[in-house]
Amino acid sequence: MRWQEQEKPSPAYPQDADLIEIKPDGARGPHQYRLDTKSLSAYPDGVVTYTMIVQSQSGAQNILFEGIRCTTKEYKTYGVGTTQQQFQRVKETSWRRIFNKDPIRHRIELFSYYLCDANQTPLPPKSIVERLRHPDRIPSPYTSDR
């Protein structure tokens with residue numbers, strides 16, 4: 001059966017109280033990454049969506065509404081945050097491969113540790129939030145925590 005992607009409605013704009021910082025590769029890079037826990041959704045088509053705020057050392061930030069497809073190790077950007085605190089949908093978007101050497105490190109980090117289990121199956125939002133809050137409790141990649 002051919003895979004069919006479902007429509008992904010834009011989430012509410014992120015609020016500071018709902019953000020959790022992730023530190024890809026121990027935060028060696030020049031960016032700060034904060035994920036909006038309220039934006040997490042897992043869909044029956046195997047896509048997990050989230051909102052990520054990527055902030056540079058100078059304070060400039062990008063707010064991204066994205067999805068990761070665990071079975072194929074791909075991501076898609078659905079929308080970007082605007083100064084009016086809403087999401088502008090990306091008109092021409094496609095699935096792109098997640099690479100280990102991508103300079104924007106949050107996608108490989110989310111795929112590898114937080115959104116997908118060892119079988120490349122999406123985790124439910126509750127499990128994702130638990131992993132984000134307690135990264136020291138993330139199970140071995142050789143087991144599933146469904």
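One table, with the values for the structure above:
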quantity	calculated
Residues of region 93-117 that turn out to be more than 19 Å from I63 (Cβ to Cβ) and not aliphatic (A, V, I, L, M), as a count	11
In region 49-72, the residues that are in a strand (DSSP E or B) and either out of contact with any Leu (no Cβ under 8 Å at 6 or more places or on another chain) or of a type outside the set (V, I, T) (or both)	Y50, M52, Q55, S56, Q61, N62, I63, L64, F65, E66, G67, R69
Residues of region 54-76 satisfying the condition of being of a type outside the set (G, A, S), closer than 21 Å to Q15 by Cβ and either loosely packed, with under 15 Cβ neighbours inside 10 Å or modelled with pLDDT of 95 or more (or both)	Q61, N62, I63, L64, F65, E66
Top-ranked residue in region 92-116 [being in a loop (DSSP other than H, G, I, E, B) and modelled with pLDDT of 90 or more; ranked as surrounded by the most Cβ atoms within 10 Å (Cβ to Cβ)]	I98
Residue among A12, A17 that is aliphatic (A, V, I, L, M) and assigned to a loop (DSSP other than H, G, I, E, B)	A12
Leading residue by the ranking (farthest from R97 (Cα to Cα)) among those in region 27-53 that are among the β-branched types (V, I, T) and surrounded by 21 or more Cβ atoms within 10 Å (Cβ to Cβ)	T51
Which numbered condition V80 misses (of (1) at pLDDT 95 or above; (2) surrounded by fewer than 19 Cβ atoms within 10 Å (Cβ to Cβ); (3) under 23 Å from V129 (Cβ atoms))	(3)
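Yes/no matrix, rows are residues, columns are (1) under 22 Å from P124 (Cβ atoms); (2) of a type in the set (D, E):
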site: Y75; (1), (2): yes, no
site: E92; (1), (2): no, yes
site: P103; (1), (2): no, no
site: E109; (1), (2): yes, yes
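The values are calculated or read from the model by the stated rules, or taken from the named source; none is laboratory data. Being a predicted model, the structure only gives us computed values, none of them experimental. With ideal geometry, Cβ positions are generated from the backbone for all residues, glycine too; neighbour counts draw on all protein chains shown.
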